[in-house]
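Worksheet for the structure shown next.
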């Protein structure tokens, strides 16, 4: 118990200190312009340590038991492997590849390794069409687009964007959804009524159209997109967590905590939230793909952050050159598809593993 | 007894729908108001670009949007106008938004209708078969493909279909032709790729929902009783299991409409250039045409609200178990 509190307090103090420090640097040292996303990272990292890492560490035997169950689902393990690969790619990749925004018209429309492409191009000097044969080489393993940008570098940059948006926005949505769900169920009555009616209103908006509207109003910027997806995507979580908490609310350990004089805040944060953590983990893995696709779709229709290269943006460029450079549209979509598939497999595996009724 | 109960329920449900509708309008109003640029700014920038007199334009715009009035009056005006059918003016197309919507909704409607038919029929049939033959090879294949169908981003699927069937094989045109009459075979043909694009995700979802709804009911005792009575398997599945599975199925399908189908149709229209509501909202974004973008989000939300209302009422009417809650 005491050991767990050590980690908890550390996890509370450290992010607070870090945020304060970054804020000070941001305000007083003019040279360091800290991206708004950094604050999100630190805050969500703190929440993650308190509510996910520390309870998992405290109950290592249980974690081991669930891991044995997850391990039996081969698709989930494969999905996990792909996600780890993607994370590594996003972290290490940018150091190994060229600048994804470097334009070079001499190297445009080079096909991927193993493909040759014949295209007729108009030559300015002679005023005639000549047939150019382009063969893929290892300098651009996935080829280049119509501006000569390296596709592999763009894909790696996009992996980073997708993962960032996926993790951060899901983090916000889950934190918000859990809080609203738990508070709604715990306090009941008027609070429950107001919160759930608001949830109903938010749920009536079609998710993607609401995203389009808000990004259109507030401007396309990665931090805004993350915030908007996070602030609109919590409704489903809130409902699930609410119904889960409703069944927990009357259990003995909650009554015992209350009888011992624990405050409402303490009951919610240290007794209710940790008990819905397994449900939250499953919801998290199953909501990340939706968020990643939503971001890609926004970039695809031209509402993405123009400063970063994301998969949706590459796909958008690729659709315009389908007849000359088909690979530009194929590569980002394949990555997007595999990422979504991987998270779905892992989420399904986790759900089965946490379900005591399933006989794995 | 039954009649008054149902009437009370419908009245309660209608009142509730009105509250939600008011909430939707308020959320949109707040969003537009707290945004960094006001509709007038975007309108102005656009008109100024055409070299019109700034002072005149400002006066006209402020009067048009009522921006010179206090905020509560603006709020009341906003709701009043929408309720009376004045959905604003689209300057990029120079017509009232409501007219724009009246000419374009049919394209979205035909796409969603055809996709629903396609996905509904095939998805439900595969789902039933999958559940009846649980753990058979067909079941595994269906489950596998439904996983893929759910995971494939529909706008990418659309681009790939164009690449394969329109660009490589030349079977279809790469772009939607609006000159074709709506009720013609040629129009139906050019909707094949869009319907597959939108319908694949729906199909995969419906297969999964049907399968699990059927499995839930297959294990019930009344099924054993029906079999014990010696009823043919066809009757057991069709009359006893499927009839019980269909209600939760419809609820979940209706719920999908808002979260998946409308967003999917929006993207499908953009990929294929179908001039439906999604496409005009997309065009309006790049013309900074505020009223259109807001109106189309509102319309989609109201449609979902209405569909939910109808589903709830029908559900209550059809399922006697809910009535006594």
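The values are calculated or read from the model by the stated rules, or taken from the named source; none is laboratory data. As the structure is a computational prediction, the values presented were derived from the model and not from experiment. In this analysis, Cβ positions are derived from the backbone assuming ideal geometry, glycine residues included, and neighbour counts consider all displayed protein chains.
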Exercise for the section: Looking only at the range B:131-141, decide whether some residue is in a helix (DSSP H, G or I), within 14 Å of chain A (Cβ to nearest Cβ) and surrounded by fewer than 20 Cβ atoms within 10 Å (Cβ to Cβ). Expected result: yes
Exercise for the section: Would you mind stating whether residue B:200 is part of a helix (DSSP H, G or I) and either more than 14 Å from chain A (Cβ to nearest Cβ) or surrounded by fewer than 21 Cβ atoms within 10 Å (Cβ to Cβ) (or both)? Expected result: no
Completion exercise
Subset of the range A:304-325, residues buried (at least 22 other Cβ atoms within 10 Å of the Cβ) and either more than 26 Å from residue A:113 (Cα to Cα) or at pLDDT below 85 (or both), comes to A:304, A:305, A:325
Practice task
Could you tell me whether the range B:13-36 includes any residue that is more than 13 Å from chain A (Cβ to nearest Cβ), out of contact with any strand residue (DSSP E or B) (no Cβ under 9 Å at 6 or more places or on another chain) and modelled with pLDDT of 85 or more?
Solution key: yes
Practice task
Identify, from the list A:343, A:354, A:300, the residue that is surrounded by fewer than 24 Cβ atoms within 10 Å (Cβ to Cβ) and on the phi < 0 side of the Ramachandran plot.
Solution key: A:354
Handout entry: Residues satisfying the stated conditions in the range B:176-190, i.e. in contact with a helix residue (DSSP H, G or I) (Cβ under 7 Å, 6 or more places away or on another chain), touching a residue at least 60 places away in the same chain (Cβ under 8 Å) and surrounded by fewer than 19 Cβ atoms within 10 Å (Cβ to Cβ)
Key = B:182
Problem - helices (runs of 4 or more DSSP H) within the range A:197-289 that include 2 or more residues more than 17 Å from residue A:186 (Cβ to Cβ) and in contact with a helix residue (DSSP H, G or I) (Cβ under 9 Å, 6 or more places away or on another chain) - result: A:207-218, A:222-232, A:235-249
Handout entry: residue A:201 within 14 Å of chain B (Cβ to nearest Cβ) and within 26 Å of residue B:266 (Cβ to Cβ)
Key = yes
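Select, from A:247, A:263, A:278, A:299, the only residue that is out of contact with any strand residue (DSSP E or B) (no Cβ under 7 Å at 6 or more places or on another chain) and within 14 Å of another protein chain (Cβ to nearest Cβ).
A:299
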Practice task
Check every one of the helices (runs of 4 or more DSSP H) wholly within the range B:214-325 and list those with 1 or more residues that are surrounded by fewer than 16 Cβ atoms within 10 Å (Cβ to Cβ).
Solution key: B:221-228, B:243-256, B:277-286, B:290-318, B:320-323
Practice task
Kindly list the number of the only condition in (1) modelled with pLDDT under 85; (2) more than 30 Å from residue A:322 (Cα to Cα); (3) within 11 Å of chain A (Cβ to nearest Cβ) that fails for residue B:311.
Solution key: (3)
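Can you say whether residue A:170 is within 24 Å of residue B:264 (Cβ to Cβ), buried (at least 20 other Cβ atoms within 10 Å of the Cβ) and within 14 Å of chain B (Cβ to nearest Cβ), as far as the supplied structure shows?
On the way: within 24 Å of residue B:264 (Cβ to Cβ): yes; buried (at least 20 other Cβ atoms within 10 Å of the Cβ): yes; within 14 Å of chain B (Cβ to nearest Cβ): no.
So residue A:170 does not fit the description; no.
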Exercise for the section: Find all pairs meeting these conditions: Cβ atoms under 6 angstrom apart; at least six residues apart or on different chains; first residue within the range A:206-226 and at the interface with chain B (Cβ under 10 Å from one of its Cβ atoms) and closer than 19 Å to residue B:258 by Cα; second residue surrounded by fewer than 20 Cβ atoms within 10 Å (Cβ to Cβ) and modelled with pLDDT under 85. Expected result: A:207/B:259
Handout entry: Among (1) within 18 Å of the chain's Cα centre (by Cα); (2) away from chain B (no Cβ under 14 Å); (3) within 21 Å of residue A:47 (Cβ to Cβ), the one test that residue A:309 misses
Key = (3)
Exercise for the section: Kindly check whether there is at least one residue in the range A:328-338 that is surrounded by fewer than 19 Cβ atoms within 10 Å (Cβ to Cβ), more than 12 Å from chain B (Cβ to nearest Cβ), in a helix (DSSP H, G or I) and out of contact with any helix residue (DSSP H, G or I) (no Cβ under 6 Å at 6 or more places or on another chain). Expected result: no
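So which of B:163, B:157 ends up being closer than 24 Å to residue A:291 by Cα and within 13 Å of chain A (Cβ to nearest Cβ)?
Only one candidate passes the filter, namely B:157.
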